[in-house]
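Written below as structure tokens is the structure these notes are about.
Values in this text are rule-based calculations from the coordinates and carry no lab data. All figures in this text were calculated on a predicted structure; none of them were measured in a lab. Quick reminder, even Gly has a Cβ in these numbers, built from the backbone with ideal geometry, and neighbours come from all protein chains shown.
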4 protein chains.
Amino acid sequence: MNLEAADRIKLLVLDVDGVLTDGRLWFGADGEALKVFHVRDGAGIKALQSAGVAVAIISGRESPAVARRAAELGIRHVRQGAQDKAAALGALLRDTGVPATLTACVGDDTPDLAIMALVALPIAVADAHPSVLAAAHHVTRLGGGAGAVREICDLLIEART
Amino acid sequence: MNLEAADRIKLLVLDVDGVLTDGRLWFGADGEALKVFHVRDGAGIKALQSAGVAVAIISGRESPAVARRAAELGIRHVRQGAQDKAAALGALLRDTGVPATLTACVGDDTPDLAIMALVALPIAVADAHPSVLAAAHHVTRLGGGAGAVREICDLLIEART
Amino acid sequence: MNLEAADRIKLLVLDVDGVLTDGRLWFGADGEALKVFHVRDGAGIKALQSAGVAVAIISGRESPAVARRAAELGIRHVRQGAQDKAAALGALLRDTGVPATLTACVGDDTPDLAIMALVALPIAVADAHPSVLAAAHHVTRLGGGAGAVREICDLLIEART
Amino acid sequence: MNLEAADRIKLLVLDVDGVLTDGRLWFGADGEALKVFHVRDGAGIKALQSAGVAVAIISGRESPAVARRAAELGIRHVRQGAQDKAAALGALLRDTGVPATLTACVGDDTPDLAIMALVALPIAVADAHPSVLAAAHHVTRLGGGAGAVREICDLLIEART
């Protein structure tokens, strides 16, 4: 565990499926129908933003439910359908003006490794893929969609005080 | 664990997300679509009301599913969309005529702390946020949405006999 | 554990919520919207019927999803909205011509106790209410909605051979 | 555990309910309404196909959600509503031109035993029925719908390198 960058973080980048959700995809006859978020993650994201840390979403999939949840939480930087997550991160850092050295990200699977290699504080959820667990500087106690993001928000807020 | 107030409780105040549910928020394209309650919590709530204890709901979110479930269980005091939970509790105590010294509440997260500090018996679900676990006089064995509320109903009924 | 009646059972009576499901109630804006069954329970129910044991459902709630699932599994005796479960069992025994001494039932909560007291083999799911666990002659290893009913079907089939 | 065939596998045959899902069947008023897949299984299936192993689905049930998810993942061989799974496997092997000696399959319940007996590498998910666990040459660490398929994809890719 290496959390030395935690007190400087100005931007937290979140994956959706497997991080803000438990990785389950709810399909109906017309494709993906629901996304299942966690209420305690939302309270943490709002508290973290109030503490002066920006929160952003980069997701490989695309879903109106993500846009709705992000709007509810005041997350303005939402990049869905990102085939190239490293490129999406680059654009995000330009938009926000926050350097990678002040950025943390949370991932659960191999597509997140490209982002995790670029930021100061790469974090894995407890139930992440083994390759992501190995690449992370910190692993949460809780699983994706079960409060892992809240855990990280609390940790970043505490590190700043 | 401090349950000395249990035998005097006349009012049980419940949070919704994370207490009557497991904290998961089911989002569709139009926002929150479903709430997931537990059948055994419902049986406990009905039994507790029959035993002479009033049950009320105070929730920061707002959902027609909560109104439906509350109606089914005969819960008349339902305050949704409560931004200030302490104020909602004050209004509830005035409406019911029950003093805070005869009131228990169940919470899972930091917005519930304002209520928990005011009542005689503050309770946390097993999977509550650490700050809520620390503030509670009692912690349930089961998690929110998985029978935690039933556990409390049984406990309050037993304390009265 | 007391399974001496298992080899004579001619009728298995199942509760729905908490037995064929994990007890979660999925509410939308118009009330209950979904029931979640387990595929392996279904395979067990079909195998048990093929082995000559009738299967019936007695539920206190009422849901078209239950009727659909029962039809799919060939369960003809379905009594939903049963406020008085003992009365529903009496009517079921008359309809099927099977005596209570050749009947097993599976329950998870206090409303099932009235049925459990009447049949030869009362069974509780692993996560049943404490009062139901205490009243059961057998407790499954798996929880309701997670394969508990399959476990019982396998056990009854094996006992007959 | 017997994985000696893993490096030769050219075709992976997957069951749906209990393997690509956790076995739960989501019923609404009109019958089955949703299937719940796992995002990390999907990433594994795509990686396995890129590594030159074909992936196919044989399911006893029938659902448009399965067709949608299969299309998203580029799975061309999908046989739903297969009452006779061994016959469905025979047709699949003819269509793909892959012999059973180069085929793996993943199952969770007794209807899968007919397929498992025919292929070189029969695999069970962690929470499979006891008869399937007994028949498997390999049992996954994770349960169906919770990443079991990803585990197998990783294993087959690793075995080829």
_Quick query: amide H of C:Leu34 versus all other amide H atoms, modeled in the peptide plane; which residues come in under 5 Å with a sequence gap of 5 or more or a different chain?_
C:Trp26
*So how do A:Arg141, D:Arg68, D:Arg40 line up by other beta-carbon neighbours within 10 Å, fewest first?*
A:Arg141, D:Arg68, D:Arg40
*Put a label point 7 Å from Cα along the Cβ direction on B:Pro99, then list its distances to the equivalent points in the other copies in nm, shortest first.*
6.2, 6.2, 8.7
*Shielding of A:60-66 by partners, i.e. mean partner chain Cβ atoms within 10 Å per residue?*
3
*Kindly provide the helix-only [θ] at 222 nm of the protein assembly as shown, computed as the sum of -39,500 (n - 2.57) over DSSP H runs of four or more divided by all residues, to the nearest 500 deg cm²/dmol?*
-10000 deg cm²/dmol
_Can you sort B:Ser50, B:Ser131 from fewest to most other Cβ atoms within 10 Å of each residue's own Cβ?_
B:Ser50, B:Ser131
*Among D:Val149, D:Val39, B:Val36, rank each residue by its count of other Cβ atoms within 10 Å, from fewest to most, as a rough exposure measure.*
B:Val36, D:Val39, D:Val149
*asked:* Taking amide H atoms as placed 1.01 Å from N in the peptide plane, list the residues 5 or more away in sequence, or in a different chain, whose amide H sits under 5 Å from that of D:Arg79.
replied: D:Ile57, D:Ile58, D:Ser59
*Within-12-Å neighbourhood charge of D:His138 [Cβ basis; K, R +1; D, E -1]*: -1
*How far is it, in nm, from the label point at A:Arg76 to the one at A:Ala29 when both lie 7 Å from their Cα along the line to the Cβ?*
4.2 nm
*Count the net charge of all other residues whose Cβ sits under 10 Å from the Cβ of C:Asp112, scoring Lys and Arg as +1 and Asp and Glu as -1.*
-2
*Tilt of helix A:39-50 relative to the longest C-alpha principal axis of chain A, in degrees (0 to 90, nearest 10)?*
40 degrees
*How well do other chains shield peptide D:15-24, expressed as the mean number of their Cβ atoms within 10 Å of each residue Cβ?*
4
*Could you point to the residue in A:Leu133, A:Ala117, A:Ala67 farthest towards the positive end of the range A:60-161's charge dipole, with +1 and -1 charges on the Cβ of Lys/Arg and Asp/Glu respectively?*
A:Ala67
*Rounded to the nearest 0.05, what FRET efficiency do D:Asp7 and C:Ala51 give with R0 = 30 Å and r taken as the Cβ-Cβ distance? Could you check?*
0.10
*Using only Cα atoms, tell me the angle between helix A:148-160 and the longest principal axis of chain A; keep it within 0 to 90° and round to the nearest 10.*
20 degrees
_Cα centroid separation, the range B:122-143 to the range D:126-154 (Å)_ = 35 Å
*Roughly how crowded by other chains is peptide B:135-148, in terms of the mean Cβ count from those chains within 10 Å of each of its Cβ atoms?*
1
*Dipole magnitude of chain A about its Cα centre, charges +1 at Lys/Arg Cβ and -1 at Asp/Glu Cβ only, in debye to the nearest 20?*
440 debye
*asked:* Would the range C:56-161 count as rounded, prolate or oblate if I go by the C-alpha gyration tensor, calling it rounded below 1.5 in a/c and otherwise prolate when a/b exceeds b/c, oblate otherwise?
replied: rounded
*Using DSSP, restrict attention to beta bridges with both residues in the range C:21-140 and report what percent are antiparallel, rounded to the nearest 5.*
25 percent
*What does the charge add up to near D:Ala159, with Lys and Arg as +1, Asp and Glu as -1, over the other residues with Cβ less than 10 Å from its Cβ?*
-2
_Cα long-axis angle, helix C:85-96 against chain C (0 to 90 degrees, to the nearest 10)_ = 60 degrees
